[in-house]
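Enquirer: Shown below is the structure under consideration.
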Amino acid sequence: MNKDDLVQICGPADGIRLFNTIRGSSDEDLTFNANTYPVMAIQDEIKNEEENLSSDLSEWSKQQVKYWVCNVVGLDLKFANLLYDQDINGSSLALLEKCDLIDLGVTLGPAKELIHSRDAQLERSKGLLPVSQTVSHCKPYPFCRYNDSHRYVENTILDVIESGPSDFIEPCHEYKGFNNTPDEYKMTKFTEEVVRFAAACMNSRTNGTIHFGIGDMPEFTHGQVLGIYVADKEAYENALKHAINGHFEHKHVGAVTLCIKPTRFVGVLNKDTTLSEKCVIEVDIVPQSIICETNMYHTYSLDTRKTKKKAKGKEPDQGEKQLKQFFVRDGGSSRNLLAPTTSAKPMVDYNIFENKLTQLVQLRKQAEDKPLKSVRSSVQGSKLSQMITGGSLSLDKSHFERYVVVANKSHSIQFESLRFVIELNPVAVLDFDPESERDGLQKYIGARSAVNIHLPVEYKITEAVEDIASKLQLTRNTSWVFCNGRVDGEVPSDIDTWLMDKRASVRDVISFLCRKDMLPNKRYLVVFLLLSTVGEHSDPLLETFSIFRKELKGIEQILCICENENAFTCWKDLIKARYGIDISGRCIYQLSFAEINGTILSLRSVNRKACRFLPCGGGSKVLLEKKVECSLSALDVLCVNQCEGGNGDMATIEENFYKGGKVSWWNLFFSEQPGCTPFIKRDKFDFIVNTVIPDLRSWRKVCASFNLHHVTGCGGTTLAKHILWNQKNNFRCAVLKDHHSDMAETAVQVVKLLTFGYNELPPQIPVLLMIDGFVDTDMVSDLQKCIEQQCVKVKIQFTFPKVIILNCMRLESEERTETTVEDVFIGNKLSDNEQRLFEQKLVQIEKTYKNAETFYGFMIMKKNILPEYIQSVARNTLKGFNIRSDLLRMNKDDLVQICGPADGIRLFNTIRGSSDEDLTFNANTCPVMATQDEIKNEEENLSSDLSEWSKQQVKYWVCNVVGLDLKFANLLYDQDINGSSLALLEKCDLIDLGVTLGPAKELIHSRDAQLERSKGLLPVSQTVSHCKPYPFCRYNDSHRYVENTVLDVIESGPSDFIEPCHEYKGFNNTPDEYKMTKFTDEVVRFAAACMNSRTNGTIHFGIGDMPEFTHGQVLGIYVADKEAYENALKHAKKMVILNINMSGQ
């Protein structure tokens, strides 16, 4: 029988396998048995082995190892056979190393995956983990957020421990299981614990979160998510409000209410990702310095309002005195400094704290003043546009003809930002949320688009592929495949059993979709939509990724969209650990779903014509909803796709403008269309765009402004609108419609425009607001103050201005003012360059319009606003008037009524005899332009040998290789720093010159790398794989180390006291029974040294040193109980700060 015969009998997949087996068998035995047909052979094996697979690895036979590799780890049968042929049983599997597997012929990715799964199984075998459960960590709910999609999964472990104050801003945490508290006492327990924790945080001036429904040892794992049942959420909020009034002094109730944030109820998912009825209750505490000032917050066991009824002057008895408490954070708990004690000096700790309160308040204020994060510099909007379209930047002409979407558990708050899924019109959606049809993604999409619901079993090839595709209606409507069951159908599986129950059927779906006769080869994209965090190595999405990667033979056709950076970090690390590949280049993770939605929608031409989009920075956009724009009634909002799809009459609009009418967005839009000459760029345009605005963006204030002074009728308003049009992708631009608008309401709308689409996240790009008609700068200052107050009200943090005001200020006569960053002057006399541009524009106008000579507005400007020409225009316009008497008697309003606004005002000013001086533009006002010719020459002659560089080449290198500002390059240039002297510079030399610390360190680092290349220590194209240390005094950063990389800081002593010194301890050869002692001894010694030397510092355990390792090599250590280290350190030396980052203040 040939291949076709076997395919017809057995189906495509089994027929081809059988044909290949028969063709490779010997002539002695062509009888068919299971051994010659591997797929059938393993079926019987699986059935038996599944029942007998022991939890103890050492008991496994080589057949069980083979089964485990195929069906639990999920590797190809060929890799299982390699181990089987080498007689690898459970005991020998435990001894295998990665190099052994590679020697056998297992490729790197599967080898790392197998070792990772083997190690997890060994931990279960040793009793470190339950057989049915792997430790899975999760992040706490984002601090002071309420509209995030984050949810906990039952029995996962929070990756933060109970803690005390660190840097005042990083929240400390406290866990309460709350599961053994009787219902009748729960409310009392809740309010008492929150009051105690809140008082401790406010007195210690640290942010904090208390969690109810999170377990602790010894009954549970520390940080284990339990969840609790809450029947009446509002009752908790009301009870807490009542408790604040009852337990705190009346004078502090207002401040305490502001510091204790609203109660948050975080949903808890079951292990199979279905919603449970449980939640975790959380309360955030934020003791801002402006609220707490120097207050001390005592609490009382009795209602203070009852004690206040006592007669004035009456001393409370001893029993009443004991009701007063004063809590502070002490490690992972709160301590009452007024608790009864047998000590001879019971008030010692309280008095010490009271004496240090002023210093504590000052430290909190300093911590609040520090910028929390650098400004996000992301181009992920542009990257998303490239990747989703295959480089065409248009969904209308996308390289990809089809899309397949893979999604996990969604949250209702995400739905309004998931319209882009409909826009992609996916051929299939692989949905791992079993509740999706009831209240998830399928319900949202299904109500707006036609979908066909399927289960994976329907994709199994049991007949001709064409017949299956026809039954599934695969290319007509979106096929919605429930890959983890349905609440009204197939029973969902949890993470631990999904591999056994459903992996094979999902693999059939993927294999079917990836057939060349189903989807066009290389012309479809698989989009992993991570709507919730993937945190476990056996998560079904991770297995699905593996199957797609194998079917597609790489990741070039895979795009991963992550909810946030934490979700991305978990996803990236899991894939790196299992498959040995870096998925970062195929991930979008710095954009919110609102930005992702807007960016993808804007790639379809019909949407650009029908919808309006605001910029979010880095090429990303957000959809400006109609109801939101209507609420911004005081503003004329300029969108990135302004005028696209409109029906403006170009001839009429242009003619009105050239005759002296006001400029509109249409004029600027038409100037960018094919066949049109660009809009005339006034000389001050480049100065404002390249110098004024960048300088203002470096100011450390929330609202900045500058004035554009112009003589009425000379084009000042037109220039301002031209600037807004040019900057519409870099700012959220708007024009104030009426300068008589209420300033407070205007400020509210400006801030709403600033924050729209960011969903509690800090806005990334500022608002550029144009105002016109204010009679003096005091009105501008008043508007600035209103905007600043509104920013404070909505708690906008800033390191640069979030709003820049461009104030068009009219001058009655041309009085020359000096141009500065805050005051730019534009007169009514054109420069030679402007004159030339007007001449070029006239040529186009005369070709287009027959009545160009009547375009008085344009012609007056072109004639350099000559009084003789204006008088000629007036003479023709005002026939019948006595020029000498009647015209001179007319006021400005009369001329405006006759000639129109612009020409009338120009005529009035001309008659009054106004004049102007010529304003010229030179390169000194725009340093970037000044260096262009210089760069071209130096780039060609930059030697690889540092000692041969001239001072010009050093200047070029600083700007264009290191990437520092021109001002720093000029500092070196002015001091005649050439290559030889550059090699001798130290950081202190640069700081003495005026280079700030960050650029100085960056320059020295780049210089050192260049020196190594010059000496031949490093190849030019290669650098050593270094990594940065974890950010100093930070605890919730996504930073992680990669094994065997080298930290780019060396062990060091004090430098500038703020820059931390470092010390490395390998810790790998220390016996387990001595590790805790070694840890505490080393920390105490290092801490004392840092404090005595008054320098910040970090001691690292798990970082190697010479001669055994490279200096700074990342080794890592195993830690079974993190809290034990914290407790041991506290016990060893009470005065040592509880985190290992030592601050020598």
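The values are calculated or read from the model by the stated rules, or taken from the named source; none is laboratory data. These figures come from a predicted structure and were not determined experimentally. Counting neighbours? That spans all protein chains shown, and the Cβs are built from the backbone with ideal geometry, glycine included. Calculation scope for accessible area: heavy atoms of the full protein, side chains included, ligands and nucleic acids excluded. Shrake-Rupley method; radii C 1.70, N 1.55, O 1.52, S 1.80 Å.
Enquirer: Would you mind computing Rg(Cα) / (2.2 N^0.38 Å) for the stretch 172-266, counting N as its residues? The partial results should precede the final answer.
Expert: Values: Rg = 13.6 Å, N = 95, 2.2 N^0.38 = 12.4 Å.
Normalised Cα radius of gyration, the stretch 172-266: 1.09.
Enquirer: Related question: Taking R0 as 22 Å, what's the FRET efficiency between Ser947 and Asp992 from their Cβ-Cβ distance, rounded to 0.05?
Expert: 0.45
Enquirer: Which loop-located trypsin sites (Lys or Arg not before Pro) does the stretch 525-615 contain, where loop means any DSSP state but H, G, I, E or B and the Cβ has at most 15 other Cβ atoms within 10 Å?
Expert: Working: sites: Arg549, Lys550, Lys553, Lys572, Lys576, Arg578, Arg586, Arg604, Arg608, Lys609, Arg612; in loops: Lys553, Arg604, Arg612.
Loop-located and lightly packed - Lys553.
Enquirer: Separate question: Bins of 5 Å, beginning at zero and ending with the bin holding the largest distance: percent of Cα pairs per bin for the stretch 664-757, please.
Expert: Calculated P(r), rounded to whole percents: 2, 10, 18, 22, 21, 16, 8, 3, 1.
Enquirer: Turning to a different aspect of this structure: Based on the Cβ-Cβ distance from Asp467 to Arg515, what FRET efficiency comes out when R0 is 22 Å, to the nearest 0.05?
Expert: On the way: r = 14 Å, r/R0 = 0.63.
Once the sixth-power term is evaluated, E becomes 0.95.
Enquirer: Any chance you could run the full-extension gain for Asp369 through Asp501? It's 0.36 nm times the residue separation minus the Cα-Cα distance, nm to one decimal.
Expert: Working: separation 132, 0.36 × 132 = 47.52 nm, distance 5.40 nm.
42.1 nm is the gain from fully extending Asp369 to Asp501.
Enquirer: Compute the length gained on full extension between Ile422 and Asn351: take 0.36 nm times their separation in residues and subtract their Cα-Cα distance, giving the result in nm to one decimal.
Expert: Details: separation 71, 0.36 × 71 = 25.56 nm, distance 6.47 nm.
Going from the current span to full extension adds 19.1 nm.
Enquirer: On full extension of the chain, what length is gained from Lys189 through Thr221, given 0.36 nm per residue of separation minus the C-alpha to C-alpha distance? Display every interim value, and only then the final one.
Expert: Details: separation 32, 0.36 × 32 = 11.52 nm, distance 2.17 nm.
Separation in residues times 0.36 nm, less the Cα-Cα distance, equals 9.3 nm.
Enquirer: My understanding is that a pair violates if its Cα-Cα distance is over 25 Å; which of Lys370/Lys795; Lys1001/Lys1078; Lys737/Lys802; Lys271/Lys502 do that in this structure? List each step's numbers first, then the result.
Expert: On the way: Lys370/Lys795 15 Å; Lys1001/Lys1078 34 Å; Lys737/Lys802 20 Å; Lys271/Lys502 15 Å.
Listed pairs above 25 Å: Lys1001/Lys1078.
Enquirer: Here's another thing I want to ask about it. Leaving ligands, DNA and RNA out of it, work out the accessible area of Ile102 with a 1.4 Å probe and give it in Å² to the nearest 10.
Expert: Roll a 1.4 Å probe over it and Ile102 shows about 80 Å².
Enquirer: Can you give me the Cα centroid spacing of the stretch 406-472 and the stretch 736-788 in angstrom?
Expert: Comparing the Cα centres of the stretch 406-472 and the stretch 736-788, I get a distance of 44 Å.
Enquirer: Compute the distance in nm between two label points, each set 7 Å from the Cα along the Cα-to-Cβ direction, one at Asn81 and one at Cys630.
Expert: About 6.8 nm, to one decimal.
Enquirer: What order do Glu565, Glu184 take when sorted by accessible area (1.4 Å probe), most exposed first?
Expert: Numbers: Glu565 80, Glu184 135 Å².
Descending order: Glu184, Glu565.
Enquirer: Which FRET efficiency value, to the nearest 0.05, do you get for Asp695 and Thr475 by plugging their Cβ-Cβ distance into 1/(1 + (r/R0)^6) with R0 = 51 Å?
Expert: On the way: r = 56 Å, r/R0 = 1.10.
That gives a FRET efficiency of 0.35.
Enquirer: If I model a spin label as a point 7 Å beyond the Cα along the Cα-Cβ vector, how far apart are those points for His1039 and Gln789 in nm?
Expert: So the two model labels end up 4.1 nm from each other.
Enquirer: Using the alpha-carbon centroid of each, what span in Å lies between the stretch 247-292 and the stretch 518-587?
Expert: If we compute the Cα centre of each part, the gap is 35 Å.
Enquirer: Leaving out ligands, DNA and RNA but keeping every protein chain, what accessible area does Phe968 have, in Å² rounded to the nearest 10, with a 1.4 Å probe?
Expert: Rounded to the nearest 10, the figure is 20 Å².
Enquirer: Of the listed pairs Lys409/Lys553; Lys522/Lys576; Lys176/Lys793, which have alpha-carbon separations greater than 31 Å here? Let's see the in-between values first.
Expert: Numbers: Lys409/Lys553 27 Å; Lys522/Lys576 24 Å; Lys176/Lys793 33 Å.
Where the Cα-Cα span goes over 31 Å, the pairs concerned are Lys176/Lys793.
Enquirer: A follow-up question, please. Cβ neighbours within 10 Å, averaged per peptide: list 666-674, 595-603 in order, most packed at the top. Kindly include the intermediate steps, with their values, before the conclusion.
Expert: Details: 666-674: 15.4, 595-603: 25.2.
Answer by packing, highest mean first, reads 595-603, 666-674.
Enquirer: Separate question: Exactly which trypsin sites (Lys or Arg not before Pro) in the stretch 349-421 are in a DSSP loop and have at most 15 other Cβ atoms within 10 Å?
Expert: Values: sites: Lys356, Arg364, Lys365, Lys373, Arg376, Lys383, Lys397, Arg402, Lys409, Arg419; in loops: Lys373, Arg376, Lys397, Lys409.
Within the stretch 349-421, the qualifying trypsin sites (Lys or Arg not before Pro) (loop, at most 15 other Cβ atoms within 10 Å) are Lys373, Arg376, Lys397.
Enquirer: Determine the order of Thr1070, Thr294 by accessible area, beginning with the largest, at a probe radius of 1.4 Å. All intermediate terms of the calculation are to be shown ahead of the outcome.
Expert: Details: Thr1070 30, Thr294 85 Å².
Putting Thr1070, Thr294 in descending order of accessible area: Thr294, Thr1070.
Enquirer: Could you rank the peptides 776-787, 160-171, 70-81 by their average count of other C-beta atoms within 10 Å per residue, with the highest value first?
Expert: Highest mean packing first, the order is 160-171, 70-81, 776-787.
Enquirer: Continuing with the same structure: Which value in nm describes the separation of the simple spin-label points at Leu455 and Ala610, placed 7 Å from the Cα toward the beta carbon?
Expert: My value for the distance between the label points is 3.7 nm.
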